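The values are calculated or read from the model by the stated rules, or taken from the named source; none is laboratory data. None of these values were measured; they are calculated from a predicted model. As a convention, Cβ positions derive from the backbone with ideal geometry for all residues, glycine included, and neighbour counts pool all protein chains shown. The accessibility values were calculated without ligands, DNA or RNA, using every heavy atom of the protein model including side chains. Shrake-Rupley method; radii C 1.70, N 1.55, O 1.52, S 1.80 Å.
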Amino acid sequence: MGSEMCIRDRVEVRREQIGFKDVAGMDKLKKTLRLQIIEPFLNPGLFARFRKQAGGGVLLYGPPGCGKTMMARAIATECNATFMSVGISDVLNMWLGESERNLAVLFEEARANKPCVMFFDELDALAYSRSKSNSSSARTVVNEFLAQLDGFEHDNAEVLILAATNMPWDVDPAMKRPGRFSRQVFVPPPDAEARRKMLEMKLEEVPAEDVNLDAIAGATPHYSGADIDGLIDNAKDNALADILDTGNERPLRQADFVEALDITTPSTIDWLKTARNLVKYGGADSSYKEVKRYLKSIK
């Protein structure tokens, strides 16, 4: 009982304030998420009449820093549901059987707060492929996770289970079968329009003059949202260094960004290279078709 109380106290179930309106750009992705996740959750009867499955979990995957967690929070808002974020440390425990017990308690908590969006970050760490793992404890955690998803003894209605991973190829294949995380949605690096909107939002209260946002957005292909943050920080450092050298305070300028671009590189490149090799040589299944289309579009 003490362990259960500790888990319940540590994991917060809350109402999110972030919606799609707070996520810059990414209109195509939002449309996909609305059709595949939000509307089936809000209108299960309609989708059932069209023989469209509304149950099961949804796996958001893609390069790091591209907003998977923020999207999950926004989905909870759009679904008018509470949001429950589960991290690795909330589940994994060194003592035998405790990790599985933690998972069961967390699912019970989500069911007690319906309608609820239950979000698992870094799914690959919690559900690492059993064929690749040498750990018997890791296998039993995956088995318990699968049992909870299947919901043989529980009612998962009105509980939307989302997960995110940077490495979908390391997630146990059984997690992706129907009724589990059978729907997988690729969250790509933000497009040029989204990057421009991010720059506009993040510079809104920063002193800036003659900054060409369109030019910067065009010069940052493959940049993640986190990379855009890093670029802005580097530009600010350039401006502040100049102010301290000259003693003359000035706003942020285009030249600061040009200089920052020389020392900033997109963090998504390695992920995209791995994905390209997977699609090309790894015999990837149809769940990666979105990645394949994206890779073709950026050639």
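Pick from ASP90, ASP237, ASP210: which is most flexible by mean-square fluctuation in a GNM of the chain where alpha carbon atoms under 10 Å apart are linked?
Most flexible of the set in this elastic network: ASP210.
Which of the GluC sites (Glu not before Pro) found in the range 204-268 are loop residues per DSSP with 14 or fewer other Cβ atoms within 10 Å of their Cβ? Intermediate values should be presented prior to the final figure.
Numbers: sites: GLU204, GLU205, GLU209, GLU249, GLU259; in loops: GLU204, GLU205, GLU209, GLU249.
Qualifying residues, ordered by number: GLU204, GLU205, GLU209, GLU249.
Starting from the Cα-Cα distance between ARG14 and ARG177, subtract it from 0.36 nm times their residue separation and give me the gain in nm to one decimal.
Numbers: separation 163, 0.36 × 163 = 58.68 nm, distance 2.93 nm.
Difference between extended and current length: 55.7 nm.
Any chance you could check the Cα centroid distance between the range 242-274 and the range 62-79 for me, in angstrom?
One Cα centre to the other: 26 Å.
Where does the Debye-calculated log10 I(q)/I(0) of the chain sit at q = 0.09, 0.10, 0.14 Å⁻¹, using only Cα point scatterers of equal weight, no solvent?
Listed by q, the Debye log ratios stand at -0.52, -0.63, -1.08.
Can you pull a Stokes-Einstein diffusion coefficient for the range 192-284 at 20 °C (1.002 mPa s), Rh from Kirkwood over Cα pairs, as a whole number of µm²/s?
On the way: Rh = 14.5 Å.
The calculation lands on 148 µm²/s.
Applying 1/(1 + (r/R0)^6) with R0 = 45 Å to the Cβ-Cβ distance of ASN143 and ARG276, what FRET efficiency is obtained, to the nearest 0.05?
0.85
Give me the base-10 log of I(q)/I(0) for the range 122-257 at each q in 0.13 Å⁻¹, Debye formula, one uniform scatterer per Cα, rounded to two decimals.
Treating every Cα as an identical point scatterer, log10 I(q)/I(0) equals -0.72.
Rounded to the nearest 0.05, what FRET efficiency is calculated for TRP95 and GLU209 with R0 set to 45 Å and r the Cβ-Cβ distance?
Working: r = 59 Å, r/R0 = 1.30.
E(calc), rounded to 0.05, equals 0.15.
So for each of 162-169, 221-228 I average, over its residues, the number of other beta carbons within 10 Å; can you give me the resulting order with the highest mean first? Walk me through the intermediate numbers first.
Numbers: 162-169: 22.4, 221-228: 20.9.
With the highest mean Cβ count within 10 Å placed first, the list reads 162-169, 221-228.
Test of understanding: extend the Cα→C-beta vector of ARG250 to 7 Å, then name every residue of the range 204-219 with backbone N under 14 Å from that spot.
Of the residues in the range 204-219, 208-211 have backbone N under 14 Å from the label point off ARG250.
Of all accessible surface on the range 18-92 at a 1.4 Å probe, what whole percent is carbon and sulfur? Could you put the intermediate results ahead of the total?
Working: 1910 of 3320 Å².
So the carbon and sulfur contribution to the accessible surface is 58 percent.
State, as an integer percentage, the relative contact order of the chain based on alpha-carbon contacts under 8 Å between residues 6 or more apart. Display every interim value, and only then the final one.
Working: 438 pairs, mean separation 61.6, N = 299.
Here the relative contact order equals 21 percent.
So what's the net charge close to ASP191: Lys and Arg +1, Asp and Glu -1, counting the other residues with Cβ under 11 Å from its Cβ?
On the way: positive: LYS28, ARG195, ARG196, LYS197; negative: ASP27, GLU193.
Local net charge: +2.
Alpha carbon centre of the range 99-155 versus the range 216-232: separation in Å?
Between the Cα centres of the range 99-155 and the range 216-232 lies a distance of 35 Å.
Among ARG253, ARG111, ARG49, whose mean-square fluctuation peaks in a Gaussian network model of the chain (Cα, cutoff 10 Å)?
Comparing ARG253, ARG111, ARG49 in the GNM, the peak value goes to ARG49.
Considering Cα pairs under 8 angstrom that are at least six residues apart, work out the relative contact order of the range 78-157 and quote it in whole percent.
On the way: 76 pairs, mean separation 26.9, N = 80.
Over the range 78-157, the number comes to 34 percent.
Across every pair of different alpha-carbon atoms, what Kirkwood hydrodynamic radius in Å does the range 33-107 reach?
Values: mean 1/r = 0.0683 Å⁻¹.
By the Kirkwood definition, the hydrodynamic radius is 14.6 Å.
Using a Förster radius of 25 Å, what is the FRET efficiency between ILE263 and ILE243 based on their Cβ-Cβ separation? Nearest 0.05, please.
Details: r = 19 Å, r/R0 = 0.75.
My answer for the efficiency is 0.85.
Which value, in Å², gives the accessible area per residue of the range 154-299 when a 1.4 Å probe is used on the protein heavy atoms?
Values: 7760 Å² over 146 residues.
Each residue of the range 154-299 exposes 53 Å² on average to a 1.4 Å probe.
For the chain, what is the mean residue ellipticity at 222 nm derived from helices alone (per DSSP H run of n ≥ 4: -39500 (n - 2.57); sum divided by total residues; nearest 500 deg cm²/dmol)? Don't skip to the answer; put the middle values down first.
On the way: 15 runs with 146 residues, N = 299.
About -14000 deg cm²/dmol.
What length, rounded to one decimal in nm, is gained on full extension from LYS114 through to SER135, with 0.36 nm per residue of separation minus their alpha-carbon distance?
Gain on stretching LYS114 to SER135: 4.2 nm.
Please give the length that would be gained between GLU200 and ILE88 if that part of the chain were fully extended, namely 0.36 nm times their separation in residues minus their C-alpha to C-alpha distance (nm, one decimal). Kindly include the intermediate steps, with their values, before the conclusion.
Details: separation 112, 0.36 × 112 = 40.32 nm, distance 3.40 nm.
Answer, rounded to one decimal: 36.9 nm.
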